[in-house]
Amino acid sequence: MTMDRKDAARALRTVAALLELHGENPHRVRAFANAARSVERLEGDLEELVTSGRILEVKGVGRGTAAFLRELVEGRTPALLQDLMDRTPEGVRELLRVRGLGPKRVRALWRELGIQSPGELEYACLENRLVELPGFGPASQASVLEAVRFLLRARERWLVDEAWSEAEGLARELGAGGGVDRVMVAGELRRGSETVGFLELVVVGEGTAGAVLEGCGLKPVPAGGALWEGRTEGGLPVRVTVAPPSAAGAALVAATGSGAHLEALEQRAVSGGLRLAADGLFSGDERVAGEDEEGIYDRLGLQWVPPELREGEGELERAAAGALPELVTAEDIRGALHNHTSDSDGTATVEEMARAALELGWSWLGIADHSPAAHYANGLDAERLGSQAARIAAWNAGGEGRRLRVFSGLEADILPDGTLDVPEGCGECLDHVVASVHSAFHLDREAQTRRILAAVRDPRCRVLGHPTGRLLLARPGYALDLEAVLQACAEHGVAVEINANPHRLDLDWRNARRALELGVKLVIDPDAHATGGLADLRWGLAVARKAGAAREDLLNTLDDPLGA
Ligand SMILES: [Zn+2]
Ligand SMILES: [Zn+2]
């Protein structure tokens with residue numbers, strides 16, 4: 001094979017970057033960087049120069065880099081390159097593609113903060129973890145965040161908060177056009193899925209909507225009838241169904257349900273002598289329902305099925321028996337237990353967080369800042385925890401404290417041996433402890449399970465925080481016997497968190513459903529690091545609904561969540 005000099009230069013440059021990333025000898029780094037430049041500008045046949053050994057006469061190429069080039073020219077992956085690749089997680093190599101990040105800064109992010117992928121980097125920025133890191137600061141954190149988001153936009157699935165913002169942007173634009181009555185969000189987003197591959201919208205209007213759709217850059221799907229396709233401004237693929245008001249409900253049903261849900265609905269229609277289509281429910285040629293969803297489900301002898309449950313997992317049998325759960329709603333929420341302040345790694349004070357919660361109409365707010373082991377997050381020792389507790393008591397004693405009670409809690413690290421990181425003497429003065437894993441993700445399944453079980457059995461533990469440690473599109477959860485953990489939570493009266501941060505949504509809805517079967521109480525926690533973060537609760541609410549949670553299944557709906 002012939003080795004292109006551009007490819008050879010790229011391989012040399014990769015080695016230079018990875019050597020630097022691993023903190024190796026700067027001379028060696030420079031040797032590979034220099035060789036890359038020389039090879040790129042090389043005149044003559046690279047292969048011939050390398051085979052004859054005359055490559056050593058080229059300025060910038062030394063013994064080590066010449067040997068490296070020889071392996072390349074012979075069609076092998078050089079041993080050094082292979083070794084470096086093996087020692088560098090793929091996600092860490094991807095970090096080098098974030099604009100503004102060189103090997104030194106990627107090394108700091110990886111070694112100091114344990115960041116191993118662009119998704120984790122984005123999350124760390126949102127938690128303000130780059131601010132204190134040498135070589136970074138508030139301004140560079142903001143530019144890193146912007147750059148990593150740019151990189152992430154190129155991926156295939158989207159987090160729900162970004163997808164909603166794309167959907168709302170496009171819906172506004174479409175809704176402002178002539179001939180459009182309303183725009184409805186359907187698809188995975190409406191079903192409360194944890195990530196989204198593409199948007200589904202239903203545009204209701206009387207036939208003149210085409211120009212509006214074109215104006216938004218959408219194109220009719222060939223032979224697709226009322227279907228249009230395109231991308232949102234941010235690049236998310238979108239499919240739009242156009243429907244007249246008389247068929248709006250049918251279009252929404254068709255654009256919302258999973259394939260399995262829709263198949264089951266169609267079969268049910270057929271066995272009742274009807275036919276379900278995207279423009280209505282028909283008996284022969286006569287449309288018997290279609291204007292709204294309720295009419296269609298009703299005509300099929302079913303309760304209206306909340307969108308979150310339309311996954312084709314037995315919901316129609318329950319709807320036929322009138323046995324669907326009454327799902328928890330936003331109006332049922334009184335507060336949340338796990339939120340941060342500027343005392344650890346948040347950006348707002350206790351009082352600012354409390355006022356933001358009041359504005360959301362909550363009647364209580366749990367503060368749970370980091371514990372001392374989370375030194376990267378400015379975790380609180382006994383003294384600072386005491387000072388925070390005093391400020392919380394002052395709030396509760398004041399006028400606003402009568403409208404919103406603040407609970408003084410702690411997000412205690414679960415140490416690798418399962419001990420809760422609660423400072424000496426603070427156990428009794430705290431209202432609640434949220435126990436979370438923030439380190440030693442790589443323990444094997446047995447050790448990780450033992451560790452978390454020990455934490456759950458500690459009588460101080462009220463909530464198990466982000467129970468699997470996953471970051472959506474960035475990091476899988478740690479190895480864990482979750483079933484054993486959920487059973488222990490049921491036994492010891494520990495609530496399991498649905499972390500509502502759109503990067504986590506952990507516990508996920510399938511496991512949350514299992515937790516409910518076991519009689520475990522759930523708590524939706526925004527894990528807010530700023531006042532605006534409290535509103536993230538809505539993403540966790542979608543997960544709880546998707547798991548089939550009713551009001552009584554959640555601590556969030558209680559007036560006194562920490563009562564006996
Ligand atoms: Zn945490
Ligand atoms: Zn937290």
For a quick protection proxy, order the peptides 26-32, 363-369 by their average other-Cβ count within 10 Å, most packed first.
-> 363-369, 26-32
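Report the extension gain between ARG172 and ARG403 in nm, rounded to one decimal, defined as 0.36 nm multiplied by the number of residues separating them, less their alpha carbon distance.
Value of the extension gain: 79.6 nm.
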Please work out how much length the chain gains when fully extended from ALA479 to GLU517, using 0.36 nm per residue of separation minus the C-alpha to C-alpha distance, in nm with one decimal.
-> 11.5 nm
Which aspartates and glutamates does LYS59 reach when only Cα atoms under 15 Å apart count, and residues fewer than 8 places away in its own chain are ignored?
-> GLU40, GLU43
J(HN,Hα) series, the range 51-57, from Karplus relation 6.51 cos²θ - 1.76 cosθ + 1.60, nearest Hz, glycine and proline x = 5, 7, x, 6, 4, 5, 7
Would you kindly calculate the mean projected area, averaged across all directions, of the convex hull enclosing the Cα atoms of the range 77-200, in square nanometres?
-> 10.5 nm²
Among DSSP beta bridges whose residues both lie in the chain, state the antiparallel percentage, nearest 5.
-> 45 percent
Amide proton proximity set for ASP506, modelled H, under 5 Å, gap of 5+ = ASN499
Under 11 Å, Cβ to Cβ, from ASP525 - net charge with Lys/Arg +1 and Asp/Glu -1 = -4
Per DSSP H run of at least 4 residues, take -39500 (n - 2.57); add these up for the chain, divide by its residues and hand me the 222 nm value, nearest 500 deg cm²/dmol.
-> -12500 deg cm²/dmol
Rh by Kirkwood over Cα pairs, then Stokes-Einstein D for the range 159-320 at 1.306 mPa s and 10 °C, µm²/s = 99 µm²/s
Based on the inverse mean of 1/r over its pairs of different Cα atoms, what is the Kirkwood hydrodynamic radius of the range 240-371, in Å?
-> 17.7 Å
Per-residue HN-Hα couplings for the range 22-32 [Karplus 6.51, -1.76, 1.60; θ = phi - 60°; Hz; x = Gly/Pro] | 8, x, 8, 3, x, 4, 5, 4, 5, 4, 6
So how much slack lies between ASP4 and ASP560, counting 0.36 nm per residue of separation and subtracting their Cα-Cα distance, in nm?
-> 193.2 nm
How would you classify the chain from its alpha-carbon gyration tensor, with a ≥ b ≥ c the square roots of the eigenvalues: rounded for a/c under 1.5, else prolate if a/b is greater than b/c, otherwise oblate?
-> oblate
Interchain or sequence-distant (5+) residues whose placed amide H lies within less than 5 Å of the amide H of VAL238 are LEU199, GLY230, ARG231, THR232
Between HIS492 and GLU214, what is the FRET efficiency for a Förster distance of 60 Å, r being their Cβ-Cβ separation, to the nearest 0.05?
-> 0.50
Descending Cα extents along the principal axes, the range 1-82, whole Å = 34, 24, 19
Net charge contributed by nearby residues that have their C-beta within less than 11 Å of LEU21 (K/R +1, D/E -1) | +4
Can you work out D for the range 330-557 in µm² s⁻¹ from Stokes-Einstein, where Rh is the Kirkwood radius over C-alpha pairs, the temperature is 10 °C and the viscosity is 1.306 mPa s?
-> 92 µm²/s
Using packing as a proxy for protection, rank 419-426, 523-530, 80-87 so that the peptide with the highest average count of other Cβ atoms within 10 Å comes first.
-> 523-530, 419-426, 80-87
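Counting Lys and Arg as +1 and Asp and Glu as -1, what is the net charge of the other residues whose Cβ lies under 15 Å from the Cβ of ALA223?
Surrounding charge for ALA223 is +1.
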Taking a spot 7 Å from the Cα of SER283 along the direction of its beta carbon, which residues of the range 292-309 have an amide N less than 16 Å from it?
-> 295-302
Applying 1/(1 + (r/R0)^6) with R0 = 22 Å to the Cβ-Cβ distance of GLU229 and ASP161, what FRET efficiency is obtained, to the nearest 0.05?
-> 0.40
Can you pull a Stokes-Einstein diffusion coefficient for the range 5-152 at 10 °C (1.306 mPa s), Rh from Kirkwood over Cα pairs, as a whole number of µm²/s?
-> 96 µm²/s
Spatial extent of the range 124-163: Rg and Dmax, with the Cα atoms as the point set, Å | 11.7, 34
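Every number in this text was worked out from the coordinates using simple rules, so none of it is lab data. The structure displayed is predicted, hence computed values, not measured ones. FYI the Cβ positions are ideal-geometry reconstructions off the backbone, even for glycines, and counts take in every protein chain you see.
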